[in-house]
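Here the structure is laid out as structure tokens; the discussion comes afterwards.
The values are calculated or read from the model by the stated rules, or taken from the named source; none is laboratory data. These numbers come from a predicted model, not from an experiment. Every residue, glycine among them, receives a Cβ derived from its backbone with ideal geometry; neighbour counts consider all protein chains shown. Keep in mind that these areas ignore ligands, DNA and RNA; they rest on the heavy atoms of the full protein, side chains included. Shrake-Rupley method; radii C 1.70, N 1.55, O 1.52, S 1.80 Å.
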Amino acid sequence: MRILISVDMEGIAGVTGRLEILPGQQDYDRFRHLMTEEANAAITGAFAGGATSVVVNDSHGQMRNLLYEALDPRAELISGHNKVLTMVEGCRGAHGALFIGYHARAGSQAAVLDHTISSVQVHNWFMNGRPVSEAEINAEILAYYGVPLLMVSGDDKIAAQVQERLPGVETVIVKYGIDHRAARSLPRAQVLDSIQRCAEKVVRGAQPLAAAPPQPVTFELEFTRSFYAEVACLMPVVTRIDARTVEVSGANIIEAWRWALSALRLASTGDN
Ligand SMILES: [Zn+2]
């Protein structure tokens with residue numbers, strides 16, 4: 001049984017701000033270790049639950065954060081980018097997926113470092129008409145390939161969003177958001193133990209999922225500035241909705257995702 005573990009950084013216990021998650025900042029190296037420790041707790045749990053192969057996908061920023069030399073030696077590591085499936089690259093053929101260190105969607109209150117895909121360019125990201133978190137977008141990609149999302153860890157706000165939108169997915173709360181840049185983190189040993197136990201439980205109980213029948217998906221990207229929308233509209237597949245908002249559609253989630261990611265990357269060149 002093959003398990004994918006996607007590891008983001010904003011939802012790691014102890015993380016509260018940019019100093020901890022941006023390469024070159026004063027606390028980044030410390031938190032790379034803590035991120036790797038939470039990944040290791042999930043790996044340990046996954047193998048204990050019956051996994052025979054674990055692939056870890058580094059899902060934060062430039063996707064080169066996890067310490068390869070400190071990672072459980074039984075696991076494979078996907079790092080770097082470009083990766084078309086970004087946070088869930090490596091999911092094809094997996095029997096289940098775990099999301100570690102995830103965070104609430106853009107615009108969430110009292111949620112640590114809430115954003116969706118980009119904190120600089122994206123004000124809101126809608127999927128088929130409603131604002132979504134990265135966990136929801138990635139769960140939809142997983143479903144397309146018939147991979148069940150089993151577990152999400154992060155702060156209490158992403159846990160609540162997962163419980164509301166993705167019923168049946170287990171959640172582990174590692175900290176309670178006080179503000180965008182403040183949190184009350186649970187004791188370290190408790191965090192690692194909870195992640196390990198939950199990973200073991202969900203992997204042991206993982207049920208096969210039939211690949212979802214392809215359905216059309218529309219993404220609306222509400223940018224933070226009108227200029228991003230203007231630049232994104234250089235691509236003929238992008239439709240302008242209002243000053244800051246554009247829309248892209250695909251016959252299935254993968255097609256829609258590729259257009260949306262392309263629109264965002266193109267918009268980002270407006271910063272140069
Ligand atoms: Zn991140």
Next on the checklist: As an exercise, use a Förster radius of 35 Å and the Cβ-Cβ distance of residue 33 and residue 53 to find the FRET efficiency, rounded to the nearest 0.05.
Outcome noted: 0.90
Checklist outcome for this item: Long-range amide H partners of residue 178, meaning residues 5 or more apart or on another chain whose placed amide H is closer than 5 Å, are 183, 184
Item to check | Viscosity 0.692 mPa s, temperature 37 °C, Stokes-Einstein D of the chain from Kirkwood C-alpha radius, µm²/s | outcome: 177
Checklist entry - Which FRET efficiency value, to the nearest 0.05, is calculated for residue 26 and residue 251 with the Förster distance at 51 angstrom and r the Cβ-Cβ distance? => result 0.65
Checklist entry - In Å and whole numbers, how far do the C-alpha atoms of segment 154-264 stretch along each principal axis, longest first? => result 50, 40, 20
Checklist outcome for this item: Working note, segment 20-116: Cα radius of gyration (Å, one decimal) and Dmax (Å, whole number) are 14.0, 39
Item to check | All lysines inside 18 Å of residue 157 as judged from Cα atoms, apart from same-chain residues fewer than 8 positions distant | outcome: 175
Item to check | Principal axis dimensions, largest first and in whole angstrom, of segment 73-119 by Cα | outcome: 37, 21, 20
Item to check | Cβ-placed point charges (K, R +1; D, E -1), dipole of the chain about Cα centre in debye, nearest 20 | outcome: 180
Checklist entry - Where the centre of each part is set by its Cα atoms, how far does segment 129-185 sit from segment 213-259, in angstrom? => result 23
Checklist entry - In a shell of Cβ-Cβ distance under 13 Å around residue 120, excluding residue 120 itself, what net charge do Lys and Arg (+1) and Asp and Glu (-1) give? => result +2
Checklist entry - Sorted from largest down, what three extents in whole angstroms do the Cα atoms of segment 217-271 have along their principal axes? => result 29, 20, 18
Item to check | Rg/Rg_ref, segment 15-74, where Rg_ref = 2.2 N^0.38 Å and atoms are Cα | outcome: 1.21
Checklist outcome for this item: Expressed as a whole-number percentage, the relative contact order of segment 217-271 with C-alpha contacts under 8 angstrom and at least six residues apart is 42
Item to check | segment 217-271 - accessible surface per residue (Å², probe 1.4 Å) | outcome: 43
